[in-house]
Amino acid sequence: MNRYSRHIILTEIGQEGQDKLSNSKVLVIGAGGLGCPVLQYLTAAGIGTIGIIDFDIVSESNLQRQVLYGASTLGINKAIAAKARLEDLNNTILIKAYPEKLTHKNALSIFQDYDIIVDGSDNFSTRYLVNDASVITNKPLVYAGIYKFEGQVSVFNYKKGPSYRCLFPKQPETGSIPNCSEIGVLGVLPGIIGTLQANEVIKLILGIGEVLSGKVLYYDSLNHQISFIKVNRSEKEIQKVMDIKTVFKALDQEINCETPIRIISIKDAINKKNIQWIDVRDTNVNPEINHSEVFQIPLKDLKQNLNKIELGKEQILFCQAGIKSKKAASILQNHKIHSSFSLKNGAFEVMEYFNNKNYDR
Amino acid sequence: MILSIKYFGLLAEVTGCSEEKIKFSGKSISELKTILFQKYEMLKNKDFQIVQNNELITNETKITATEIALLPPFAGG
């Protein structure tokens, strides 16, 4: 095949490697600054199936760096516009456009259909969603993020390597770190960083070279400073994600819930009087907390056990990491019980509190 | 000892420099953080990880190297 001849004559790739590319399915989240070069090179390389998810439309200020678009696609959805451009570049592959927002509800089923996920999104809530869905579906994630003149690249969830949460466990609050539209970005920067992502995807598929797993590549375009930062896998962070697997799809509603869930720290919780502790984790999860003051009502059984909620008290709902407990608080709200709090962190803090309490006696 | 500290991304804007040297007589990362937070109050509200010898470390880690970097997450794409 003439199209891929320059790949095929490389002994490291050959026809066998080119066939691997043709048989691969890659999903690209976001067709913006990073997504455009990723999509361009993956399409040219002959990746057999490429998915593009983006709900946004092309605007004039995108054209400074989002090289798949032009005057003729202004106002058109980016996934649709990118697909049209890429089909012209390579009409021998399958390109699927998802002109929608990635959500907790649709992420797992979309991710299932692909071998590799590429994160080219532009906000933290999507980045953490992409990470969590990649962990749950066990897909390697080729990550990158950019800021003005600097970029970060890494490969997560690859052969028991770290995840994004092992690097940055805590999701920054919305607005705490500005994105490109708020602060500006050098147009060529996502071109450089996105091309590095495309390179990692191809290496992953071909099994050649050294995959950027277990470390983050940091790049500064102003002085060509490149650093590699070693990151270790944190079983605790991975487990936190696996713990929300069963409630994952429902997490969107929780975020959009009209009445905000009240989150409480352990310090504030223990200062309250007249409270009811409720452990909403499944039974037999470590650490087990057996204390007369703690009720055990697993999240899945909560609706059937509303009679156990002591209405004259305030409820402190807790789980392993403060995610299931939020869902529990949302369920209680839907049943007109507005006296509950979701404990910010989780069971380890509760255990520590009760251990100290026993000791004090 | 004299530590060389690099600030990546928006942290360089908070501190007004991308690299500086500071005198440090403590042992742990949390002691270093206290010093930096005193010097740059705005740093307290920022999310970042600390890198020593090109390796991510936690609050409890002892400082053994003189090359430290503060790495924030980047949202942009």
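The values are calculated or read from the model by the stated rules, or taken from the named source; none is laboratory data. These figures come from a predicted structure and were not determined experimentally. Note that each Cβ is placed from the backbone with ideal geometry, even for glycine, and that neighbours are counted across all protein chains shown. Please note that ligands, DNA and RNA were not included when accessible areas were found on the heavy atoms of the full protein model with its side chains. Shrake-Rupley method; radii C 1.70, N 1.55, O 1.52, S 1.80 Å.
Each row is one residue, and each column tells you yes or no for (1) of a type in the set (S, T, N, Q); (2) part of a loop (DSSP other than H, G, I, E, B); (3) touching a residue at least 24 places away in the same chain (Cβ under 8 Å).
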| position | (1), (2), (3) |
| --- | --- |
| A:210 | no, yes, no |
| A:223 | yes, yes, no |
| A:237 | no, no, yes |
| A:242 | no, no, yes |
| A:278 | no, no, yes |
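Take the residues of the range A:292-307 that are farther than 18 Å from residue A:347 by Cα and open to solvent by 90 Å² or more (accessible area, probe 1.4 Å): which is farthest from the chain's Cα centre (by Cα)?
This residue is A:307.
I want to confirm something. Restricting to the range B:42-77 and keeping residues that are over 20 Å from residue A:150 (Cβ atoms), outside any helix (DSSP H, G or I) and among the charged types (D, E, K, R), which single residue is modelled with the highest pLDDT?
Per the criteria, the residue is B:62.
Can you name the residue in the range B:1-17 that is in a loop (DSSP other than H, G, I, E, B) and of a type in the set (A, V, I, L, M, F, W, C) and, of all such residues, is nearest to the chain's Cα centre (by Cα)?
B:8
Looking at the range A:20-34 only, could you name the residues that are within 9 Å of chain B (Cβ to nearest Cβ) and among the β-branched types (Val, Ile, Thr)?
A:29
In the range A:219-241, how many residues are out of contact with any helix residue (DSSP H, G or I) (no Cβ under 8 Å at 6 or more places or on another chain) and over 13 Å from residue B:55 (Cβ atoms)?
9
Pairs, please: C-beta under 8 Å, at least 6 apart or cross-chain, first residue open to solvent by less than 70 Å² (accessible area, probe 1.4 Å) and in the range B:45-73, second among the charged types (D, E, K, R) and assigned to a loop (DSSP other than H, G, I, E, B)?
Note: pairs meeting the criteria are B:47/A:170; B:63/B:27; B:72/B:46; B:72/B:47; B:73/B:47.
May I ask you to say which residue of A:141, A:108 is more than 13 Å from chain B (Cβ to nearest Cβ), surrounded by fewer than 17 Cβ atoms within 10 Å (Cβ to Cβ) and in contact (Cβ under 8 Å) with a residue 24 or more places away in the chain?
Testing whether each residue is more than 13 Å from chain B (Cβ to nearest Cβ), surrounded by fewer than 17 Cβ atoms within 10 Å (Cβ to Cβ) and in contact (Cβ under 8 Å) with a residue 24 or more places away in the chain leaves just A:108.
What tally of residues in the range A:116-172 results from selecting those that are farther than 22 Å from residue A:323 by Cα and polar (S, T, N, Q)?
Summing the residues that are farther than 22 Å from residue A:323 by Cα and polar (S, T, N, Q) in the range A:116-172 gives 3.
So residue A:202 passes all but one of these: (1) of a type in the set (A, V, I, L, M); (2) more than 8 Å from chain B (Cβ to nearest Cβ); (3) under 22 Å from residue A:64 (Cβ atoms). Which condition number does it fail?
(3)
Which of the residues spanning the range B:21-77 are within 11 Å of chain A (Cβ to nearest Cβ) and among the basic types (Lys, Arg)?
Of everything in the range B:21-77, just one residue is within 11 Å of chain A (Cβ to nearest Cβ) and among the basic types (Lys, Arg), namely B:46.
Of the conditions (1) surrounded by 22 or more Cβ atoms within 10 Å (Cβ to Cβ); (2) in contact (Cβ under 8 Å) with a residue 60 or more places away in the chain; (3) in contact with a strand residue (DSSP E or B) (Cβ under 6 Å, 6 or more places away or on another chain), residue A:114 clears all except one; give me its number.
Unmet for residue A:114, out of (1) surrounded by 22 or more Cβ atoms within 10 Å (Cβ to Cβ); (2) in contact (Cβ under 8 Å) with a residue 60 or more places away in the chain; (3) in contact with a strand residue (DSSP E or B) (Cβ under 6 Å, 6 or more places away or on another chain): (1).
Looking only at the range B:18-35, decide whether some residue is open to solvent by less than 10 Å² (accessible area, probe 1.4 Å) and part of a loop (DSSP other than H, G, I, E, B).
yes
Name the pairs whose Cβ atoms lie under 7 Å apart, with the first residue in the range A:77-89 and farther than 7 Å from residue A:99 by Cα, the second open to solvent by 10 Å² or more (accessible area, probe 1.4 Å) and acidic (Asp, Glu), and 6 or more positions between them or separate chains?
A:78/A:54; A:78/A:56
Would you mind listing the helices (runs of 4 or more DSSP H) fully within the range A:3-60 where at least 2 residues are open to solvent by less than 10 Å² (accessible area, probe 1.4 Å)?
Answer list for the range A:3-60: A:14-22, A:35-45.
So which residues in the range A:85-97 are farther than 24 Å from residue A:2 by Cβ and surrounded by fewer than 20 Cβ atoms within 10 Å (Cβ to Cβ)?
A:96
Being under 14 Å from residue A:135 (Cα atoms), polar (S, T, N, Q) and facing chain B (nearest Cβ under 9 Å) is the filter here; which residues of the range A:152-175 pass it?
None; the set is empty.
Looking for something outside any loop (DSSP other than H, G, I, E, B) and touching a strand residue (DSSP E or B) at 6+ places or on another chain (Cβ under 8 Å) - is there at least one such residue anywhere in the range A:64-76?
Taking every residue of the range A:64-76 in turn, none turns out to be outside any loop (DSSP other than H, G, I, E, B) and touching a strand residue (DSSP E or B) at 6+ places or on another chain (Cβ under 8 Å).
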